[in-house]
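Novice: The structure is given below, and queries will be raised subsequently.
The values are calculated or read from the model by the stated rules, or taken from the named source; none is laboratory data. Source: prediction; values computed, not measured. Glycine also receives a Cβ, built like all others from the backbone with ideal geometry; neighbour counts cover every protein chain displayed.
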Amino acid sequence: MTQYFLTLPHDTADEPTMESMQDMDPAELEAIMAAVEKFNTDLNEAGAFVTAGGLEPPSTAVTVEVTSTGTIRIPEPFVKADQYVGGFWIIEAADQEAALVWAEQASAALQSRVEVRALQSAPE
């Protein structure tokens, strides 16, 4: 089985967080949370779930680089962009088509776009 990285893009201007989600219509938020919970349950029951998580926005990032002259910590993301990864799932699927079917379900649950990429296999 191949592992796939399902990512949730967000607009940098918005930087949605768990706190900002509280500004949503409560009924809409509850429906989304229930749909995501069902999606996670379905992934688990199918044996496809590896891990998942939400990421804090880029404004909280620190980029670390160790060089021969020392360590540098830069209080910003390593790349500035209009969009960023706000959350993810890592799943196992038989092939890309199966991963895309899971991504369609994730997209429907979150009412958001989902990007799908395979994780690289270990070299032989």
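Novice: Condition check: under 13 Å from the mean Cα position of the chain (by Cα), surrounded by fewer than 16 Cβ atoms within 10 Å (Cβ to Cβ) and assigned to a loop (DSSP other than H, G, I, E, B). Does GLU76 satisfy that?
Specialist: Against the criterion (under 13 Å from the mean Cα position of the chain (by Cα), surrounded by fewer than 16 Cβ atoms within 10 Å (Cβ to Cβ) and assigned to a loop (DSSP other than H, G, I, E, B)), GLU76 does not qualify.
Novice: Still on this structure, please answer the following. Would you check which residues across segment 1-51 are within 17 Å of ALA99 (Cβ to Cβ), in contact with a Phe, Trp or Tyr (Cβ under 8 Å, 6 or more places away or on another chain), outside any strand (DSSP E or B) and at pLDDT below 95 and list them?
Specialist: none
Novice: Then there is this: Which members of segment 99-124 meet the condition of being touching a residue at least 40 places away in the same chain (Cβ under 8 Å) and outside any loop (DSSP other than H, G, I, E, B)?
Specialist: Correct list: ALA99, TRP102, ALA103, GLN105, ALA106, ALA108, ALA109, LEU110, GLU115, VAL116, ARG117, ALA118.
Novice: Can I ask one more? With respect to GLU65, is the statement that it is at pLDDT 95 or above, assigned to a helix (DSSP H, G or I), surrounded by fewer than 12 Cβ atoms within 10 Å (Cβ to Cβ) and not polar (S, T, N, Q) true?
Specialist: no
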